[in-house]
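J.: One structure, pasted below without further comment.
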Amino acid sequence: MIDSTVIEVRSGNGGHGVVSFIREALLPRGGPGGGDGGHGGDVVLVADSSINTLTKFHWQPHFIAKNGSNGQGHHKNGADGQAVRVSVPVGTEVWVWEDGKDTELMGELIHEGDQIIVAQGGKGGRGNAHFVSSTHQEPLLAEAGEDGEIRRIRLNLKLLADIGLIGMPNAGKSSILTAISAARPKIADYPFTTIEPVLGVVGYKHKTFVVVDIPGLIEGAHQGIGLGDEFLKHIQRTSVLVHVVDGSEDNIVERINSINNEITRFDTELAKKPQILVINKFDLDEVAMLTSEIIELVESTKGLHSKIMFVSAATYLGVDDLKQAMSNYLEENQQQKTTFKAVKDEAVIIKPIAKKFEKAIVRNRNGSWRIVHQKAVRLAQGSNLDTWEARIQFQRRLEQLKVTKALNDAGIEIGDTVMVGDWEFNWD
Ligand SMILES: Nc1nc2c(ncn2[C@@H]2O[C@H](COP(=O)(O)OP(=O)(O)OP(=O)(O)O)[C@@H](O)[C@H]2O)c(=O)[nH]1
Ligand SMILES: [Mg+2]
């Protein structure tokens, strides 16, 4: 099962606004008619319960939304670029991935239909019709479209289940899941039969809940021994753990402690979750005979806060009581993000990462200046600043955008070279 993968997403660029004038027979001087560019498409992840793994991203790790179209004359705005909507499993965490590691959690898709905009389309540039002012009836300025975003993100699937089954290999975890639900995980008398998590839906009276069976743990799992502890992330969102022990084994208490140590090392919060301790294989005489001894041993061990139950997954002895205990424990310990009682939450839309606005200007090493204020740069890129008149209009905008003030405050002098986008001029 692929439950973690890095993908690259790219939103569309905004289309450019244009400079254009309406000149018709009856309107010799016309007015500005340059349309706006369309917005670039977003890349959006959508939680979809019909998908259970991230496998498809292994083959298709790139998602590119369409650019917005440029505006045209006669107030024609460019079309918006189409968004790309990508279905991901419910339970997916989305991380910004930089330099080979997670840097920021963008959000978690917990409910069916939850959405997160992982790359926001660039805004369309405004056409010259927007730049009319009392002093400039013939605006010669238009904005270039804003660039889209390119980003690598890591999808990390954490299954959503209410109850997690933990324990050593061969304890009978998969047998218990089979006894309480319609799931049919592989069962065999050798360790590590289960190699990836399996979900089962349990119905008890009028309630339903989801139980996840994960591969067995052994001492040293946190160091990668056995199948390691990477599957433990799939029980991080559960509310209750069912700790399954093979009652026919020796050293029961040591076994329980070593599993608890492994989960503590993985995540101390996980170790604090309430546990139901299930002594399995109760059908075997050797287990049935030692019942009171086992209870005494477990109860006299410090730090074991569990409820003890004796169960046989083979004969179904105690299985109904176990379902009832699970249901009661869930009721008492329910955490938000679970499926218990099939609570139907509203789907949420997670906003994109806020764009960081840098400063307005920078000084180059050779003493010249560069305007980096985004709006000013887009205006310069979208306009032809070759004419004296366009430059006057542009300087007027620089004043409005407070770029002029920033330059003055920083000590610019007449005659200094100023660059913005691809343009270069002397300050006057
Ligand atoms: N007698 C008896 N045998 C059982 C019982 N439950 C499970 N077993 C046997 O124990 C062995 C292991 O069972 P599994 O359910 O595969 O154990 P598991 O904990 O899922 O093991 P891994 O997936 O390897 O971690 C199998 O041979 C089962 O038939 C039980 O209640 N009584
Ligand atoms: Mg198993």
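J.: What's the number of the condition Phe282 fails, among (1) in a strand (DSSP E or B); (2) at pLDDT 95 or above?
T.: With respect to (1) in a strand (DSSP E or B); (2) at pLDDT 95 or above, Phe282 is out only on (1).
J.: Mind checking which residues of the stretch 347-382 are of a type in the set (Gly, Ala, Ser) and open to solvent by 50 Å² or more (accessible area, probe 1.4 Å)?
T.: To start, the set of residues in the stretch 347-382 that are of a type in the set (Gly, Ala, Ser) comprises 347, 354, 360, 367-368, 376, 380, 382.
Correct list: Ala347, Ala354.
J.: Continuing with the same structure: Would you confirm whether any residue within the stretch 122-144 is open to solvent by 10 Å² or more (accessible area, probe 1.4 Å) and in contact with a Ser or Thr (Cβ under 6 Å, 6 or more places away or on another chain)?
T.: There is no residue in the stretch 122-144 that is open to solvent by 10 Å² or more (accessible area, probe 1.4 Å) and in contact with a Ser or Thr (Cβ under 6 Å, 6 or more places away or on another chain).
J.: Given the structure, is Leu217 outside the structural domain of Leu54 (by TED's automatic domain parsing), closer than 17 Å to Ser258 by Cα and either surrounded by 17 or more Cβ atoms within 10 Å (Cβ to Cβ) or within 14 Å of ligand 2 (Cβ to nearest atom) (or both)?
T.: On the way: outside the structural domain of Leu54 (by TED's automatic domain parsing): yes; closer than 17 Å to Ser258 by Cα: yes; either surrounded by 17 or more Cβ atoms within 10 Å (Cβ to Cβ) or within 14 Å of ligand 2 (Cβ to nearest atom) (or both): yes.
In short, yes.
J.: Here is a further query. Here is a check on your reading of the model: is Pro197 assigned by TED's automatic domain parsing to the domain that holds Ala313 and touching a Leu at 6+ places or on another chain (Cβ under 8 Å)? Explain how you work it out, then say what you get.
T.: Values: assigned by TED's automatic domain parsing to the domain that holds Ala313: yes; touching a Leu at 6+ places or on another chain (Cβ under 8 Å): yes.
Answer is yes for this residue.
J.: Name every residue in the stretch 178-190 that is closer than 19 Å to Met1 by Cα and more than 8 Å from ligand 2 (Cβ to nearest atom), in order of residue number.
T.: If we filter the stretch 178-190 for residues that are closer than 19 Å to Met1 by Cα, which is where we start, we get 183-187.
Passing the criteria: Ala183, Arg184.
J.: Next question, about the same structure. Could you list all residues from the stretch 296-332 that are open to solvent by less than 30 Å² (accessible area, probe 1.4 Å), in a helix (DSSP H, G or I) and within 16 Å of ligand 1 (Cβ to nearest atom)?
T.: Val319, Leu322
J.: Please state which one of Leu232, Leu199 is in a helix (DSSP H, G or I), within 16 Å of ligand 2 (Cβ to nearest atom) and either under 32 Å from the mean Cα position of the chain (by Cα) or in contact (Cβ under 8 Å) with a residue 12 or more places away in the chain (or both).
T.: Values: Leu199 fails: in a helix (DSSP H, G or I).
Exactly one residue qualifies, and that residue is Leu232.
J.: Output yes when any residue across the stretch 155-178 is more than 8 Å from ligand 1 (Cβ to nearest atom), over 17 Å from Val90 (Cα atoms), open to solvent by 10 Å² or more (accessible area, probe 1.4 Å) and outside any loop (DSSP other than H, G, I, E, B), and no when none is.
T.: Checked against the condition, which is being more than 8 Å from ligand 1 (Cβ to nearest atom), over 17 Å from Val90 (Cα atoms), open to solvent by 10 Å² or more (accessible area, probe 1.4 Å) and outside any loop (DSSP other than H, G, I, E, B), the stretch 155-178 yields no hits at all.
J.: Is one or more of the residues making up the stretch 131-145 within 13 Å of ligand 1 (Cβ to nearest atom) and assigned to a helix (DSSP H, G or I)? Write out each step before concluding.
T.: The initial filter retains those residues of the stretch 131-145 that are within 13 Å of ligand 1 (Cβ to nearest atom), namely none.
No, the conditions are met nowhere in the stretch 131-145.
J.: A follow-up question, please. Considering only the stretch 9-68, how many residues are basic (Lys, Arg) and under 17 Å from the mean Cα position of the chain (by Cα)?
T.: In the first step, residues of the stretch 9-68 are kept if they are basic (Lys, Arg); the result is 10, 23, 29, 56, 66.
Remaining after also requiring under 17 Å from the mean Cα position of the chain (by Cα): 10, 56.
Selection size over the stretch 9-68: 2.
J.: Taking the stretch 275-295 on its own, how many of its residues are surrounded by 14 or more Cβ atoms within 10 Å (Cβ to Cβ), of a type outside the set (A, V, I, L, M) and more than 13 Å from Val240 (Cβ to Cβ)?
T.: Total satisfying the criteria: 5.
J.: From Val210, Val242, Val278, which residue is within 21 Å of Leu177 (Cα to Cα), away from ligand 1 (no atom under 14 Å from the Cβ) and touching a residue at least 60 places away in the same chain (Cβ under 8 Å)? Even if it seems obvious, please write down each step before you answer.
T.: Details: Val242 fails: away from ligand 1 (no atom under 14 Å from the Cβ); Val278 fails: away from ligand 1 (no atom under 14 Å from the Cβ).
Just a single option satisfies the conditions, and that option is Val210.
The values are calculated or read from the model by the stated rules, or taken from the named source; none is laboratory data. Predicted model only: the values in this text are computed from it and were never measured. With ideal geometry, Cβ positions are generated from the backbone for all residues, glycine too; neighbour counts draw on all protein chains shown. Quick note on the areas: whole protein, heavy atoms, side chains included, nothing else; ligands and nucleic acids left out. Shrake-Rupley method; radii C 1.70, N 1.55, O 1.52, S 1.80 Å.
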